[in-house]
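The values are calculated or read from the model by the stated rules, or taken from the named source; none is laboratory data. Because the structure is predicted, anything quoted here is derived from the model rather than measured. Please note: Cβ atoms are built from the backbone with ideal geometry, for glycine as well, and neighbour counts cover all protein chains shown. All accessible areas refer to the heavy atoms of the entire protein, side chains included, with ligands and DNA or RNA removed. Shrake-Rupley method; radii C 1.70, N 1.55, O 1.52, S 1.80 Å.
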Amino acid sequence: MRYTEEQRDQFKNRFFQKRLYQFALIIPVGGALYMLSFGGRYAAELGMEPLMVALGTGGLILAAALFHWINWRCPACGKHFGNVLNPARCSKCGVALRSP
């Protein structure tokens with residue numbers, strides 16, 4: 001499909017935002033993984049049940065996975081990028097996502 005220069009610039013800007021959101025996921029997911037690994041040790045000291053810590057952090061990880069599935073899509077065709085961290089082009093429609 002042919003896109004105007006303005007549309008191509010919008011796709012690049014939207015991809016930049018999507019990529020920033022993906023990098024922002026690292027912080028809560030990393031914290032959740034830390035809590036799943038070591039939170040049980042400190043839960044009693046904080047007055048929490050270890051099961052509640054595990055359920056809460058598991059819920060956070062599921063929410064992050066859902067956000068990733070919704071967010072990490074091509075701004076032009078809407079197809080999922082998969083596990084590619086920084087694609088230059090969409091593998092499905094071929095639209096440029098970054099400036100060379």
Log entry, pairs with first residue in the range 4-30 being in contact (Cβ under 8 Å) with a residue 60 or more places away in the chain, second being among the aliphatic types (A, V, I, L, M), beta carbons closer than 6 Å, six or more apart or on different chains, reads 11/76; 11/95; 15/97
Matching residues in the range 36-77 (open to solvent by less than 70 Å² (accessible area, probe 1.4 Å), of a type outside the set (Val, Ile, Thr) and within 30 Å of residue 14 (Cβ to Cβ)) number 12
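Per-residue answers, yes or no, for (1) under 19 Å from the mean Cα position of the chain (by Cα); (2) within 30 Å of residue 93 (Cβ to Cβ):
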{"position": "7", "(1), (2)": "no, yes"}
{"position": "11", "(1), (2)": "yes, yes"}
{"position": "17", "(1), (2)": "yes, yes"}
{"position": "20", "(1), (2)": "yes, yes"}
{"position": "24", "(1), (2)": "yes, yes"}
{"position": "29", "(1), (2)": "yes, yes"}
{"position": "34", "(1), (2)": "yes, no"}
Of the conditions (1) open to solvent by 80 Å² or more (accessible area, probe 1.4 Å); (2) within 30 Å of residue 1 (Cβ to Cβ); (3) in contact with a helix residue (DSSP H, G or I) (Cβ under 9 Å, 6 or more places away or on another chain), the single one that residue 23 does not satisfy is (3)
Considering the range 80-100, residues that are over 12 Å from residue 15 (Cα atoms) and over 15 Å from the mean Cα position of the chain (by Cα), and then whichever is most open to solvent (accessible area, probe 1.4 Å), we arrive at 100
Residue set 40, 78; condition small (Gly, Ala, Ser) and under 28 Å from residue 96 (Cβ atoms); output residue 78
